[in-house]
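Below you'll find the structure, written out as structure tokens, and then a few comments.
Rule-based calculations on the coordinates, nothing more; no lab input. Here the structure is a predicted model, which means the values were calculated and not measured. Positions of Cβ are backbone-derived with ideal geometry, glycine not excepted, and every protein chain shown enters the neighbour counts.
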């Protein structure tokens, strides 16, 4: 059918039609196609961003309800700086983001990518598939697995398999080392993102360059330092910034693992607890929105940086059909 | 070509990377192994199945008796409905928008494309509290209140929105590489945009549709945070929230039961993954929205 249409149209033009001048479709067609997406983006992205900032200037909470609230200016925002717990939340957020990022989301990701491209192809693929499993596993199942891995003897796998036979003291590891626990749990999911991006970057380094380094007698460490790292510096920067933002704002895994116990309530989880979900059902929407507002501001700043530094706007092409 | 490593007798260059990879993968391998083993055990000590007295043995199918519980099948149905409607919604909305962005020149096209790209990086979780207010508002409006707070409809709409930036970007990419001749001919012949889209272009991007479907289905099937946040009164709404409730119980957690339900939820995902790795890797490499 398609082919016929082409033939017919070319016949048309030989009879003097000029296809370029003929208006293609209806002027408002784009609205039909863009409509649903625009509505959803407006309702679930733009409106919430506006709501965050509006409500952060009110004292709205479960005490005031939705009708008895009043404007309180910058009080919520000032409260963030004077709140006795702010320091603790900032501390755990910084530790969590920094170490997960360095050791796992970038460090381990790079290691996995380099190593899995230096072993036979099938084996490398199998390892990468294994590392994707945490990402596709339903998060509750994944956390359940970790809770059991780190449980105390006689149940926990790490304790039973490694610590007890070697004569170390056993413990409930999540309670004993809560920071390590949240870093491990997030890191094992996070590593796969960088792993995949780095892998495709390494595989696109030209064979000639890799072989040349071998002929010159470079060992694998020298090759990593002088060839691989310089060649993939853009993906490295992209993964680092992208994952920093993801880590600052993600709390799902921590919520299921500890729900903020043992001093692991990161900033985003604090906001979530204050504003949407807590044990007592006491919501401070105004204050919670201010806490979330800080994250929104950080996110917007990161997004602007992407547009600027990674030249995302260069990737926007002109539509093909209209320009011809 | 003579390469150094080929002269050596023992391939250390291959064995050492392999060994390091294996060591780092130990927690994953042990964890996955345990999930499978424990579902068939009364209890486990480390990786060893034991009976109720703590002696090795104690293999049982009792943990799977939850499959006889009609409640679980209701949850499974809910989860399935969430995953399939999410998939259909994401496909429909993002293929339409992707088409317009790839093929139609309209005012605001560039800025929408730019914002789509930026929204991919924008963490939707920061907006959850505010989304709660949006859903509360929708609840109060007649006709659309089925998409409000505490409804499956609301959860589906919010989930579709969070998937949209990736979906639109992906679909646009697939439309971009289709030659425009066919479509142009159809349009010149007076075929409407909608018909051109549906009958000529959609069949051309089948791989893209497949990839996005798989990805969306897995996302919907596994999703936790959005159902958990916006269906608080029905804690049992989907399998994820059900497992979470089992795990948070104050009484000693029956890990064998929890992992059986967990494995039940994981099986479709793993099957999908095994048969469609290539599609999925393409998506992950193309533009992935990371939880962490």
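Oblate is the label for the stretch A:160-279, because the ratio a/c of its alpha-carbon gyration tensor axes (a ≥ b ≥ c) is 1.5 or higher and a/b is not greater than b/c. Computed over chain A with a Gaussian network model linking Cα atoms closer than 10 Å, the most mobile of A:105, A:278, A:68 is A:68. Rounded, prolate or oblate: which one fits the stretch B:4-62, using the alpha carbon gyration tensor with axes a ≥ b ≥ c (rounded when a/c is under 1.5, else prolate when a/b beats b/c, else oblate)? Since a/c reaches 1.5 and a/b is larger than b/c, the shape of the stretch B:4-62 is classed as prolate.
Ranked by how many other Cβ atoms sit within 10 Å of their own Cβ, fewest first, the residues A:82, A:241, B:79 fall in the order A:82, A:241, B:79.
Taking each DSSP H run with n ≥ 4 as -39500 (n - 2.57) and averaging over every residue of chain B yields -21500 deg cm²/dmol at 222 nm.
Largest mean-square fluctuation among A:274, A:91, A:121, in a Gaussian network model of chain A whose springs join Cα atoms under 10 Å apart, belongs to A:121. In the calculated pair-distance distribution of the stretch B:68-133, the portion above 15 angstrom amounts to 72 percent of the Cα-Cα pairs. A simple spin-label model places the labels of residue B:36 and residue A:221 3.8 nm from each other, with each point 7 Å out along Cα-to-Cβ.
Helix-only arithmetic for chain A: the sum of -39500 (n - 2.57) across DSSP H runs with n ≥ 4, divided by the residue total, places the mean residue ellipticity at 222 nm at -18500 deg cm²/dmol.
Say we join alpha carbon atoms closer than 10 Å with springs in a Gaussian network model of chain B; which of B:21, B:201, B:164 then has the biggest fluctuation? Per the Cα network of chain B with a 10 Å cutoff, B:21 tops the list. Here chain A yields Rg over Rh of 1.09, to two decimals, using C-alpha coordinates and the Kirkwood radius. Shielding value for B:137-144 is 1, the average number of Cβ atoms from other chains within 10 Å of each residue's Cβ. What separates the Cα centres of the stretch B:170-209 and the stretch A:137-206 is a distance of 46 Å. Estimated at 0.36 nm per residue, the fully extended path between residue A:305 and residue A:91 surpasses their Cα-Cα distance by 74.6 nm. Exposure proxy ranking for A:291, B:143, A:132, B:202, based on other Cβ atoms within 10 angstrom of each Cβ and starting from the fewest, stands as B:143, B:202, A:132, A:291. Inter-chain Cβ neighbour count for A:250-256, averaged per residue, equals 5 (cutoff 10 Å, partner chain atoms only).
Can you give the mean number of other chain Cβ atoms that lie within 10 Å of the Cβ atoms in peptide A:193-204? Please list the in-between numbers first.
On the way: counts 6, 1, 1, 6, 3, 0, 2, 4, 1, 0, 0, 0.
Partner Cβ neighbours, averaged per residue: 2.
Exposure proxy ranking for B:109, A:233, based on other Cβ atoms within 10 angstrom of each Cβ and starting from the fewest, stands as A:233, B:109.
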